[in-house]
Structure formats: structure tokens, C-alpha cells
Amino acid sequence: MTIGQVAAVDLGATSGRVVLATVGTDSAGKDVLELDVAARFPNEPLRLWNGTRAVLHTDVPGLFGYVRGGLADAARRSTNLVSIAVDSWAVDYGLLREGTLLGLPHHYRDERTARGVELVESVVDRAELFARNGLQFLPFTTVYQLAVDRADGVLDLADRALLVPDLIGYWLTGKEVTERTNASTTGLFGTDGTLDTVILDRLGLAQTLFADLAEPGSVLGRVLPGIVDGDPAATVTTVGSHDTASAVAAVPMDPDTSAYISCGTWGLVGVETRTPIIDERVRAAGFTNEAGVDGRTRLLHNVMGLWLLSESVREWTGQDGTAVDLPELVDAAAQCPPTTHIFEADDDCFLSRGDMPARIARWYAERGLPVPATRVETVRAIVDSLAAALARSVRDAAAVSGVDVRRVHVVGGGAQNTLLCRSLADELGLPVLAGPVEATAIGNVLVQARTHDLIDGDLQRLRHTVASAFPPIRHEPSPRHGSRTA
């Protein structure tokens with residue numbers, strides 16, 4: 001083995017980054033895994049008027065500009081850049097005709113998705129759809145978005161749909177693929193990983209709309225000349241291009257005894273299984289079977305996540321224009337007693353953008369419960385309510401999978417929130433292991449490194465490398481104080 005460098009492009013729902021990683025095995029046989037963030041940039045949705053209403057879009061060309069700049073910076077810092085790979089959030093896509101993007105992709109939080117649910121359910125009900133794709137019902141899934149595009153005639157113009165990371169990969173290399181982990185979130189691929197031609201036909205979608213499937217660890221090719229300043233000689237590699245797939249690959253866990261929470265804008269709570277689990281208990285509990293790295297299945301449930309905090313901070317900042325220090329608010333909230341009445345963090349009323357603190361206050365007021373009076377009290381209510389929702393999903397994951405969950409791993413931004421991790425440990429009565437924060441980038445890096453022979457081994461070998469380089473912080477449950485009702 002040798003040591004080389006790879007660049008992970010990690011695009012989240014609210015921000016993105018390019019991470020340069022040094023990875024491999026040194027002369028003493030010791031694993032090397034070091035990260036250097038080459039670039040960070042925002043991912044702010046755009047509202048554009050369409051003649052009737054303001055429509056929410058994702059500025060993917062703008063993101064690609066940031067990606068190009070970040071990769072150029074990474075290449076300048078690198079002495080041996082071997083590979084580049086892209087991961088992103090799921091379900092959103094760009095429509096192309098003869099290789100040209102037709103317009104800005106819609107954002108999954110745009111209100112059009114409600115219409116898509118009606119269109120799909122007019123030809124296939126939720127129970128049959130779950131039996132075919134194994135997915136939790138989420139109103140913004142790709143299948144619902146494409147149904148709207150079909151009804152509006154947009155697909156009459158398109159000959160290809162590329163999910164966001166595949167679109168970025170196409171612009172880097174000219175190669176069109178549909179990476180398997182992200183494909184599994186669309187609702188249009190069966191639990192066996194193949195395109196569901198029956199559902200496509202019922203919805204009037206062309207079977208050629210998606211490019212051929214590619215497994216994580218496939219080499220697409222060299223970066224095209226002139227795309228990235230300096231023309232780095234790196235190849236572009238597929239990874240678990242759904243960011244959660246990459247994050248779960250980097251959870252330093254024993255899948256037979258652990259649950260994971262990839263906690264960012266969303267809280268993805270689940271266990272890892274060898275095969276999909278398709279039964280009524282899974283469907284009723286709102287769990288989804290998504291493809292993971294090395295043929296694993298991510299049996300998980302979506303919880304609202306840190307979106308509740310980030311939207312609150314955005315609202316408070318907009319009120320007076322001064323910066324709001326979230327870590328400071330969380331530290332102050334930790335000094336408050338636990339919230340007596342938690343709110344339902346997964347309520348659909350919290351899904352869209354807008355005044356989050358006001359919606360939380362309204363949730364309490366409508367039920368005749370005390371409304372959090374200050375920002376600190378609101379933060380405490382969010383953290384405790386989120387911990388309760390995450391804990392419920394952990395218990396459900398264990399019940400529907402049969403996994404004997406003895407510990408919970410939290411990765412992503414939520415791993416930095418000590419109050420959340422402690423509250424979660426108390427809710428579950430189980431140890432919570434926090435970290436790594438950069439799990440998504442690390443999972444991206446490790447699959448690239450293995451593809452290019454910088455490291456070797458199965459998924460557990462990769463996870464051992466993570467645990468050695470980024471030992472998690474352990475939070476033990478403490479005695480509960482006071483009572484709480486939902």
C-alpha cells in the first residue's frame with residue numbers, strides 16, 4: 001500500500017465543501033487518514049417567479065462553480081491527487097436534452113410535491129409502491145417530482161434525468177451514470193436494484209430516462225480539459241453518492257449491535273442489514289430500505305433533524321440582522337431544566353421554510369401547552385423534542401429489524417451538539433458515541449481510496465480505520481430528572 005490524496009465533494013442541503021484527504025498506509029503499516037477542508041460554500045435555494053407563484057429551485061450550476069473552485073484549490077494543495085468523487089442529498093435531479101441542462105432543478109421542499117403525490121397515487125397506492133421499492137413515504141421523493149414534470153409536459157423535452165451528484169460527475173467527465181445508492185431513493189428502482197419498468201409505464205415515464213446503474217467504486221474517467229483550473233490529472237470515481245450512504249459507511253460501528261444517526265439537516269436513524277426488509281411492520285413504522293456501500297441495506301427513518309435549529313437561527317438573524325451564536329444558545333439551554341412538554345419534531349408543519357420559532361410556538365398554543373418564552377427555552381425544547389423523536393426511531397429500528405441495539409452512533413453535525421447527545425442517551429438509557437462529524441466526507445474518501453488501492457478490506461475494515469483516526473466521544477445515560485409528556 002501507498003499514501004495518496006483524494007478529493008471529496010460533499011454537497012449538503014444547506015452547504016457544500018471540498019475536502020482533500022491524505023489516505024493510505026505508511027511504511028510502518030499504520031493507517032493514515034487526514035482531512036483538510038479546501039473549500040466551504042453555501043447552498044441557498046432560489047425562489048423564482050414562474051408567472052403564478054414563487055418556485056423553489058436549487059442553483060446546481062452555481063454549486064458547480066463552487067465545486068470547480070474547490071477542486072482547483074485542492075489540486076494546488078495536493079502533491080498526488082489520485083481521485084475525485086461527489087456525494088449529495090438525495091431525490092433531486094436535473095433534466096437534460098442531448099446533454100444540455102434544460103433548467104434549474106426544482107428543490108425537494110417546493111410545494112409542487114403535494115400534487116405529485118396525488119398523481120402517483122391515482123395509478124399506484126402506497127402499499128404497492130412500498131412492496132416494490134421498500135421506501136418510506138416521503139412526499140418529495142423523485143417519483144412524485146417526476147410525475148409533476150410529466151403532467152406539465154416538461155418531460156416531453158427531456159431525454160435524461162441525472163440525480164445531483166451524477167449531474168456534477170457528468171459535467172466533470174462527460175459520462176452519464178446513475179449511482180446505485182442514490183438511485184435507491186428515487187422510488188423508481190426495485191428492492192433488487194433494477195429499474196421498475198412497471199411503475200415507469202404506469203406513470204408514462206420513459207425507460208431510458210435514467211442512465212445505466214453504476215456501483216460505488218466505479219471509475220468514470222479523467223476530469224475533462226478546461227473544467228478545473230490546472231487540469232488535475234485525477235480520475236472521477238463514484239462512491240455512495242447519497243450522502244447518507246457515505247456517512248453510514250464511515251460509522252465506526254458493529255452493525256449487529258448498533259444503531260446509527262446521521263444527524264444534519266435531516267436526522268437519518270436506522271440500522272444496517274444484509275438485505276431489504278419488506279413487511280407491513282416496516283411500512284407502518286415509516287422505515288425505508290435504501291442501498292448502502294458494499295451491497296448493504298440502510299434500514300432507516302427520516303426525522304426532521306437540525307433543520308429545526310438552523311431555520312430558527314435564520315429567523316432570529318433576520319429579525320435584527322445581528323449574528324446568532326447557536327453553540328452559545330445550546331450551552332445556555334443545557335443549563336435549563338429538561339423540557340416538560342416536548343413537541344412532535346416530525347410534524348409536517350415544520351417541513352417547509354419559514355418562521356420556525358413561530359410555528360413551534362403555535363404548535364404549543366394550539367394544544368394549550370406553555371409556549372417557550374425565550375430563545376434559550378426554544379432551543380432547549382427543540383433539542384429535547386428532537387432527542388425524543390430520534391430515540392423513538394432507534395427503538396422502532398431495533399423492533400422491525402431484530403438488531404440487538406446496545407449503543408447508538410451519532411455522526412455528522414449533531415455529533416458536536418453535546419446537549420443533544422446527552423439528551424438522546426437519557427431517552428434511550430444507552431450509551432451514545434458521537435463522531436466523526438465529517439462522516440460523509442470520510443465515507444466518500446474511503447471508498448475512493450479503496451478503489452485506487454490506497455487501502456484495502458471490507459466495510460468493517462474501513463470502519464476500523466475511521467475509529468482509529470477519529471475516536472468517538474462516549475456519552476453515558478444519566479438519571480432522569482423530572483417528568484416529560486409528549
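The values are calculated or read from the model by the stated rules, or taken from the named source; none is laboratory data. Fair warning: this is a prediction, and the values are worked out from it, not measured in the lab. As a convention, Cβ positions derive from the backbone with ideal geometry for all residues, glycine included, and neighbour counts pool all protein chains shown. Heads up: the accessible areas ignore ligands, DNA and RNA and are worked out on the full protein's heavy atoms, side chains in. Shrake-Rupley method; radii C 1.70, N 1.55, O 1.52, S 1.80 Å.
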Counting only residues in the range 127-151 that are among the polar types (S, T, N, Q) and within 16 Å of Pro276 (Cβ to Cβ), the one surrounded by the fewest Cβ atoms within 10 Å (Cβ to Cβ) is identified as Gln136
Flagged in the range 10-31 as closer than 23 Å to Val466 by Cα and either open to solvent by 20 Å² or more (accessible area, probe 1.4 Å) or in a loop (DSSP other than H, G, I, E, B) (or both), in numbering order, are Gly12, Arg17, Thr22, Thr25, Asp26, Ser27, Ala28, Gly29, Lys30, Asp31
Going through the range 271-303 in order, the residues found to be open to solvent by 10 Å² or more (accessible area, probe 1.4 Å), among the charged types (D, E, K, R) and part of a strand (DSSP E or B) are Glu272, Glu290
Scanning the range 174-204 residue by residue, those under 21 Å from Ala8 (Cβ atoms), open to solvent by 10 Å² or more (accessible area, probe 1.4 Å) and part of a helix (DSSP H, G or I) turn out to be Arg180
Taking the range 318-340 and keeping residues open to solvent by less than 60 Å² (accessible area, probe 1.4 Å) and closer than 24 Å to Val437 by Cα leaves Val324, Leu326, Leu329, Val330, Ala332, Ala333, Ala334
Of the conditions (1) at pLDDT 95 or above; (2) open to solvent by less than 40 Å² (accessible area, probe 1.4 Å), the single one that Val154 does not satisfy is (2)
Over the range 14-57, the set of residues touching a Pro at 6+ places or on another chain (Cβ under 9 Å) and within 18 Å of Leu172 (Cβ to Cβ) is Gly16
Filter the range 99-116 for residues that are farther than 17 Å from Gly153 by Cα and over 25 Å from the mean Cα position of the chain (by Cα); the one that is surrounded by the most Cβ atoms within 10 Å (Cβ to Cβ) is Gly99
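For (1) touching a residue at least 60 places away in the same chain (Cβ under 8 Å); (2) more than 21 Å from the chain's Cα centre (by Cα); (3) under 25 Å from Ala434 (Cα atoms), each residue gets a yes or a no:
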{"site": "Ala259", "(1), (2), (3)": "yes, no, yes"}
{"site": "Met304", "(1), (2), (3)": "yes, no, yes"}
{"site": "Trp316", "(1), (2), (3)": "no, yes, no"}
{"site": "Asp348", "(1), (2), (3)": "no, no, no"}
Screening Leu119, Leu96 for residues that are of a type in the set (A, V, I, L, M, F, W, C), open to solvent by 20 Å² or more (accessible area, probe 1.4 Å) and at pLDDT 95 or above leaves only Leu119
Only one of Arg406, Arg395 is basic (Lys, Arg) and touching a residue at least 60 places away in the same chain (Cβ under 8 Å), namely Arg406
Counting only residues in the range 342-354 that are surrounded by fewer than 17 Cβ atoms within 10 Å (Cβ to Cβ) and outside any loop (DSSP other than H, G, I, E, B), the one modelled with the highest pLDDT is identified as Cys349
Checking Pro61, Pro45 in turn, the sole residue that is under 15 Å from His106 (Cα atoms) and touching a residue at least 60 places away in the same chain (Cβ under 8 Å) turns out to be Pro45
Scanning the range 437-454 residue by residue, those aliphatic (A, V, I, L, M) and surrounded by 24 or more Cβ atoms within 10 Å (Cβ to Cβ) turn out to be Ala439, Ala441, Ile442, Val445, Leu446, Val447, Ala449, Leu454
Residues in the range 205-239 that are in a loop (DSSP other than H, G, I, E, B), in contact with a Ser or Thr (Cβ under 6 Å, 6 or more places away or on another chain) and at positive phi total 1
Here the residues within the range 127-158 that are within 26 Å of the chain's Cα centre (by Cα) and on the phi > 0 side of the Ramachandran plot are Gly134
If you go through Ser258, Ser246, Ser241, Ser262, the only one that is farther than 18 Å from Gly134 by Cβ, in contact with a Pro (Cβ under 6 Å, 6 or more places away or on another chain), modelled with pLDDT of 95 or more and small (Gly, Ala, Ser) is Ser241
Only one of (1) within 23 Å of Glu272 (Cα to Cα); (2) touching a residue at least 40 places away in the same chain (Cβ under 8 Å); (3) open to solvent by 10 Å² or more (accessible area, probe 1.4 Å) does not apply to Gly414, and that is (3)
